[in-house]
Structures are given as structure tokens and as C-alpha cells.
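A.B. asks: Sharing a structure, written as C-alpha cells. Questions coming.
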Amino acid sequence: MEIWYPSSFHEDAGLVVVRVSAQGIFTLTGQRHLHLPAAVRKWCGLKSGERVLLAADPTAGILVVHPPAALDQMIVQAHTVALAVTRDE
């Protein structure tokens, strides 16, 4: 199993993008959990311990954290498109 060392965090459109490298300064817990720094949680309105959806691209060394608010927004957008198509038929 490859070990990831997060090296940077940034917020983009309500998502947290984590880049990893061998020189990363952050570590995973013994349970393989990633603790997001308080400043990062504040960017996207996350409360400590709140669950998120993670999507990783190991080849690119990127982990994307999807907070509940971002998931809500994606679902609303998908339903808006789906319902608009249904109404047009």
C-alpha cells in the first residue's frame, strides 16, 4: 500500500483539494484518518468530526474532500437538470 503524505490544502468551489508528496508535512493517524487543519475546515464550513466524501486520483497525487454543503449543491444542480429535461419531454 502506498503511503500518502499531504503537503498542501486549498479550497476551490467549496471543495478541499489536498495535494500529496513524499515531502508532505502532514500525516495520517494510525487509523489512516486525515485530520484537516482548523483553517481548512473553516474554509468550507466543516465541523470537527463531520463526515465527508473523498475522491482520490492516486496517479496525480490529489485527494478531493467533498463537504456536505458541496454535496447538497451538486445534488440540487443534478436534480435541476434532470427535472428540466423531464419537463421538456
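A.B. asks: What do you reckon, how do His10, His79 stack up by accessible area (1.4 Å probe), largest on top?
C.D. replies: On the way: His10 70, His79 105 Å².
Descending accessible area places them as His79, His10.
A.B. asks: Given a 1.4 angstrom probe, what's the average accessible area per residue across the stretch 32-89, in square angstrom? Don't skip to the end; give the middle numbers.
C.D. replies: Details: 4360 Å² over 58 residues.
Roughly 75 Å² per residue, with all protein chains present.
The values are calculated or read from the model by the stated rules, or taken from the named source; none is laboratory data. Because the structure is predicted, anything quoted here is derived from the model rather than measured. Just the protein is used for accessible areas: all its heavy atoms, side chains included, with ligands, DNA and RNA removed. Shrake-Rupley method; radii C 1.70, N 1.55, O 1.52, S 1.80 Å.
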